[in-house]
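K.L.:
My questions all concern the structure below.
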Amino acid sequence: MKILLINHYAGSDRMGMEYRPFYFAREWLAMGHDPTILAAGFSHLRHRQPQFVADLERTEESGVPFRWLRTARYRGNGAGRVASMATFVGKLRLHARRLAREHRPDMVICSSTYPLDIYAGAHIARAAAARLVFEVHDLWPLTPMLLGQYSPRHPYIQVLQRAEDWAYRHADAVVSILPHARRYMMSRGMDPRKFAHVANGVPVAHLFDSAEEALPTELATPIEAERARGRFLLGYAGGLTVSMSVETLLQVAECLAGAGMAMFIVGDGPEGAALREQAARLGVDGVHLPGRIAKAAVPAFLARMDALMIPWRRSPLYRFGVSPNKLFDYMLAGRPIVQACAASNDLVAEAGCGFTVEPENPAAFAKAVCQLRAMSAAERRQLGDNGRRFVMQRHDCRVLAGRFLDAVAAASEL
């Protein structure tokens, strides 16, 4: 099967997030299919951008074919990002017939987080007589409305809403990363028989393909120093974005002051500068913000921690469920997890790998950390083993990629 996967922000192990298109395409290649990822030349999620000259130039990442559309660099979530979206979908529409002719896809997947690529994707699908799949990572425009405080009457939101509704009505299949979004999608016009939930996961078959990087000295040195002081090490690795209440972790550190804890918040993003300013203002001993590290070094970091943390915000958005890649990375590391979350699903509880507490409640989070520390090393190891077993058995990308294709085939038979 020939598959054209359109994802503005698609990356790879080498380039950085986002990983799901790359992981699934790699599994489809192994199954004998012929996937190509079409992405934008610049993404704020990648730490390394592709090198190419012209629109639709072809490259490969670990054997996975990519084609690229040139887009301008931008910072943050303002006008520059919106302009990048407009450029990407405009060029996608401009080259739609060429893409249909050159790829002759059997399936076109529109998967760019925001839904505006659906129109050009539908044009490609019609020209190639292909199935059209709308893949939903986050619910847009609901996400910028609830997390970014946009008004439903904002022109940008109204454009996104029309595209989302159109996608639900016209796609042959709707694949949702969120487990409990079906009812919402039905309210926007989707035939419920089109719906399939396919979660995020880890590429089990490729976990040991590349050598794990050692920690950079600027991170390894303070970890060793805090360990030498006998401190219990808490870690966070991921984006410093509006979806995560990372500032709550600094308040947790305040609650734990003097309790023999050290906290490492690894990553960067739009909220990074404000977080560093807050940390400097609070001046809590044992809090470290070393910035972003290479993905290949993340496993080494996670393995050096005693417990790992995820601080979701409180938001009605999470009534549809969550499926964060960082959580699966944490589970794979075999470390117990403390999660602040009020979603309709609780993967930490399902896996039996730690504690879930109320979001944006530093005292509750600190209490859970203290409970973990009071456990024996064997008890904490059992929690970590539970998480690792859970992710290996239920969230292997090879299984998920096959489930994706089966779900589209079933929906297309309606």
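The values are calculated or read from the model by the stated rules, or taken from the named source; none is laboratory data. Everything numeric in this text was worked out from a predicted model, so none of it was measured. Counting neighbours? That spans all protein chains shown, and the Cβs are built from the backbone with ideal geometry, glycine included.
K.L.:
Quick one: is residue 314 touching a Pro at 6+ places or on another chain (Cβ under 9 Å), of a type in the set (D, E, K, R) and assigned by TED's automatic domain parsing to the domain that holds residue 303?
P.N.:
yes
K.L.:
Right, residue 204: within 20 Å of residue 137 (Cβ to Cβ) and either of a type outside the set (Ser, Thr, Tyr) or assigned by TED's automatic domain parsing to the domain that holds residue 173 (or both) or not? Talk me through it step by step, then tell me what you get.
P.N.:
Working: within 20 Å of residue 137 (Cβ to Cβ): no; either of a type outside the set (Ser, Thr, Tyr) or assigned by TED's automatic domain parsing to the domain that holds residue 173 (or both): yes.
Taking the combined requirement at face value, the residue does not satisfy it.
K.L.:
Can you say whether residue 70 is surrounded by fewer than 23 Cβ atoms within 10 Å (Cβ to Cβ) and within 21 Å of residue 124 (Cβ to Cβ), as far as the supplied structure shows?
P.N.:
yes
K.L.:
May I ask you to say which residue of 183, 126 is over 18 Å from the mean Cα position of the chain (by Cα), closer than 23 Å to residue 95 by Cβ, surrounded by fewer than 16 Cβ atoms within 10 Å (Cβ to Cβ) and modelled with pLDDT of 95 or more?
P.N.:
That would be 126, the only listed residue that is over 18 Å from the mean Cα position of the chain (by Cα), closer than 23 Å to residue 95 by Cβ, surrounded by fewer than 16 Cβ atoms within 10 Å (Cβ to Cβ) and modelled with pLDDT of 95 or more.
K.L.:
How many of the residues in the range 369-380 are in a helix (DSSP H, G or I) and either more than 14 Å from residue 308 (Cβ to Cβ) or not assigned by TED's automatic domain parsing to the domain that holds residue 329 (or both)? Talk me through it step by step, then tell me what you get.
P.N.:
Residues of the range 369-380 in a helix (DSSP H, G or I): 369-374, 377-380.
Imposing the further condition that a residue be either more than 14 Å from residue 308 (Cβ to Cβ) or not assigned by TED's automatic domain parsing to the domain that holds residue 329 (or both) reduces the set to 370-371, 374, 377-379.
The total comes to 6.
K.L.:
Which residue, of 260, 272, is at positive phi and surrounded by fewer than 21 Cβ atoms within 10 Å (Cβ to Cβ)? Please lay out each step first, then the result.
P.N.:
Details: 272 fails: at positive phi.
Selected residue: 260, the only one of 260, 272 that is at positive phi and surrounded by fewer than 21 Cβ atoms within 10 Å (Cβ to Cβ).
K.L.:
Tally the residues that are touching a Pro at 6+ places or on another chain (Cβ under 6 Å) and closer than 30 Å to residue 171 by Cβ, restricting the search to the range 367-414.
P.N.:
1
K.L.:
Out of (1) over 20 Å from residue 81 (Cα atoms); (2) surrounded by fewer than 16 Cβ atoms within 10 Å (Cβ to Cβ); (3) under 20 Å from the mean Cα position of the chain (by Cα), the odd one out for residue 27 is which?
P.N.:
The single condition residue 27 does not satisfy is (2).
K.L.:
Please tell me if residue 82 is assigned to a helix (DSSP H, G or I), at pLDDT below 95 and under 24 Å from the mean Cα position of the chain (by Cα).
P.N.:
It is true that residue 82 is assigned to a helix (DSSP H, G or I), at pLDDT below 95 and under 24 Å from the mean Cα position of the chain (by Cα).
K.L.:
Now a separate question. For the range 1-20, which positions are under 25 Å from residue 101 (Cα atoms) and either over 12 Å from the mean Cα position of the chain (by Cα) or modelled with pLDDT under 95 (or both)?
P.N.:
1, 2, 3, 4, 5, 6, 7, 8
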